[in-house]
């Protein structure tokens, strides 16, 4: 049915339905997000999320303990080499970066 042909009541009913679906989706998203955050934060393994330039976007407490940092905010936007105060031109950092760049260029499958 065309929007111009719908009555105000039909539009209100449709809007309320969409509002309810949005609320359900938002609730599910928050539950999933909370579960993922809990999984990452309570994991004893170091976990990091990096961008394509190998800069850290997020990490967990295990990484902070391993590197001696006090907060995730201190390391956001830095590379591993910057955090560990290692020149990026040195080995094995250079090889590690080259391996990362090669992996980004692999085709799917």
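Please state which of the following conditions residue 54 fails to meet, knowing it meets all the rest: (1) surrounded by 10 or more Cβ atoms within 10 Å (Cβ to Cβ); (2) free of Cβ contacts under 8 Å to residues at least 24 places away in the same chain.
So residue 54 meets the others, but not (2).
Which of the residues spanning the range 45-69 are more than 22 Å from residue 95 (Cβ to Cβ) and in a loop (DSSP other than H, G, I, E, B)?
If we filter the range 45-69 for residues that are more than 22 Å from residue 95 (Cβ to Cβ), which is where we start, we get 45, 47, 49, 57-62, 64-65, 68-69.
Once the filter is applied, which keeps residues that are more than 22 Å from residue 95 (Cβ to Cβ) and in a loop (DSSP other than H, G, I, E, B), the range 45-69 yields 45, 47, 60, 68, 69.
Looking at residue 72 and the list (1) touching a strand residue (DSSP E or B) at 6+ places or on another chain (Cβ under 9 Å); (2) closer than 23 Å to residue 95 by Cα, which single condition is not satisfied?
Exception for residue 72: condition (2).
Check 49, 36 and return the single one that is outside the structural domain of residue 105 (by TED's automatic domain parsing) and surrounded by fewer than 12 Cβ atoms within 10 Å (Cβ to Cβ). Lay out the reasoning, then the answer.
Values: 49 fails: outside the structural domain of residue 105 (by TED's automatic domain parsing).
Exactly one residue qualifies, and that residue is 36.
Can you name the residue in the range 69-88 that is surrounded by fewer than 12 Cβ atoms within 10 Å (Cβ to Cβ) and modelled with pLDDT of 85 or more and is also nearest to residue 105 (Cα to Cα) among such residues?
Result: 73.
The values are calculated or read from the model by the stated rules, or taken from the named source; none is laboratory data. Note that the coordinates shown come from a computational prediction; the quantities given were computed from them, not determined experimentally. When we count neighbours, we look across all protein chains shown, and the Cβ atoms used for this are built from the backbone with ideal geometry, even at glycine.
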